[in-house]
Each structure stands twice: as C-alpha cells, then as structure tokens.
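These notes are about the structure you will find just below.
The values are calculated or read from the model by the stated rules, or taken from the named source; none is laboratory data. Owing to the predicted nature of the structure, the values given are computational and were not obtained by experimental measurement. Every residue, glycine among them, receives a Cβ derived from its backbone with ideal geometry; neighbour counts consider all protein chains shown. Each accessible area value is taken on the protein alone, full model and side chains, heavy atoms only, with ligands, DNA and RNA left out. Shrake-Rupley method; radii C 1.70, N 1.55, O 1.52, S 1.80 Å.
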Amino acid sequence: MMNIVVLVSGGGTNLQKLIDAEKAGNLGGGKITCVISSKPDVYALQRAKDNGIKGVVLERKKYPDIASYSKAMTELLTEEKADLVVYAGFLTILDESVCKAFPYKMMNVHPALIPSFCGKGFYGLHVHEAVLQKGVKLTGATVHFVTEECDGGPIILQKAVEVKNFDTPEVLQKRVMEEAEWIILPEAVKLFCEGKIKVVDGKTIIEEM
C-alpha cells in the first residue's frame, strides 16, 4: 500500500474525487492517509474528517518565508511517510528542497493544457480569464510532476475541454473541473500507485495497460 498525502488550500473538490476513487477501489492500492492544508477552516479539512482521514493545518501565514515553510512541510511529509504527495488546489509554491526530498513523488493538477496558461500567477480563475481573453477554442487540464520550475515538471496526463461561446471564467472553470480535472487526477494517482509511470529524459512514459 502506498501512503498518499494530499495538500489543499480550499474547498477540496479534487480531494473528494480522490476519496471517491479510493472507496471504489480505483487508486491502485493507494490510501489517502493525511490531508494537509495551508489555511485553517477550509472545507477540504471537513471532507477529510467526514471520511476518517487525518487532517493537519500547516498555516503559511505562520512562517516568515517560503524556505522555512518548505522545511516544515518536508519534515511533516517525512513524518507522515508519504509515498506520493498530491497537490489538489494547493496554492503555495514550495521551494526546491521539497522536490528534492520527494523526487517525482509529487504531482499537481493544473486547469489548462500545459505549456499554455501556466507558471507563476496562473492559478484558479486567473487561468480561465486568460484562456477566454486569448480566444482559444480548446483548454483542459494537466496532471504533472512537481519540480523546481512552477508548472514545469514532466506531464503525466492531459485532457482537452471545449471553450464555448459566451463562457464566463466561472462557467469554464466548472466545465474544466467536471470534464477533465476530476477524471485525470485520480487516474494519474492510480497509475503512480500501480508503478506504471516512469520518467525518462524529463518525460513520462506510461506503461501500457
């Protein structure tokens, strides 16, 4: 069994999809053992509690800088014996020390088709606002490994979503979550827990099913 630790900062809809997948036996033998939030009183912690999962608050505001927060996060993840760390709406960019402690063992879901609309500043509704402003016809979501480069790690899975006439950022955000994020994040976690993802020359190779 692999210990999965999920990092959150908000409502936890992606966390819920991971919990649902685990209950259905679709996480490849992985088990969500801990949920860590960068903020207190977020609904994601209630989701964890409702499902008997340990919840921990590691509040970003209580640390003077990213380096000290990243050190505390690394220590906590090590203490929790994390085999896989999943960013599920986690809005703090940790420094390279965490990535080095958990190389290719941390993954994030991003609400766009990387390498478009990604990097520093592209999070939440900002991504969908940029997509609509550019007028692209397809957007989507990407699950990738977390590395020192923001949104720059090896891509694991992607799924495209249509951009429709008269979409608002909120409407598009909901469609991307429902049609892409909630599907490919549990799938990527399952593949990882089954040992089917390899990184070769900075690219992922997924073993044929």
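Applying the criterion of at least 2 residues that are open to solvent by less than 60 Å² (accessible area, probe 1.4 Å) and closer than 27 Å to GLU207 by Cα to the strands (runs of 3 or more DSSP E) found wholly in segment 1-113 leaves 2-8, 30-37, 84-87, 106-110.
Run down GLY153, GLY135, GLY195 and say which single residue is of a type in the set (Gly, Ala, Ser), under 16 Å from ILE114 (Cβ atoms) and out of contact with any Gly (no Cβ under 6 Å at 6 or more places or on another chain). Going through GLY153, GLY135, GLY195 in turn, just one is of a type in the set (Gly, Ala, Ser), under 16 Å from ILE114 (Cβ atoms) and out of contact with any Gly (no Cβ under 6 Å at 6 or more places or on another chain): GLY153. Of all the residues that make up segment 169-190, how many are of a type in the set (A, V, I, L, M), more than 18 Å from HIS128 (Cα to Cα) and open to solvent by 30 Å² or more (accessible area, probe 1.4 Å)? Of the residues in segment 169-190, 1 are of a type in the set (A, V, I, L, M), more than 18 Å from HIS128 (Cα to Cα) and open to solvent by 30 Å² or more (accessible area, probe 1.4 Å).
Scanning segment 169-180 for residues that are in contact (Cβ under 8 Å) with a residue 12 or more places away in the chain and out of contact with any Ser or Thr (no Cβ under 8 Å at 6 or more places or on another chain) yields a count of 6. The residues of segment 121-136 that are within 23 Å of VAL8 (Cβ to Cβ) and of a type in the set (Gly, Ala, Ser), listed by number, are GLY121, GLY124.
Scanning segment 132-161 for residues that are touching a helix residue (DSSP H, G or I) at 6+ places or on another chain (Cβ under 8 Å) and farther than 30 Å from ASP95 by Cβ, we see that the one that is least open to solvent (accessible area, probe 1.4 Å) is VAL161.
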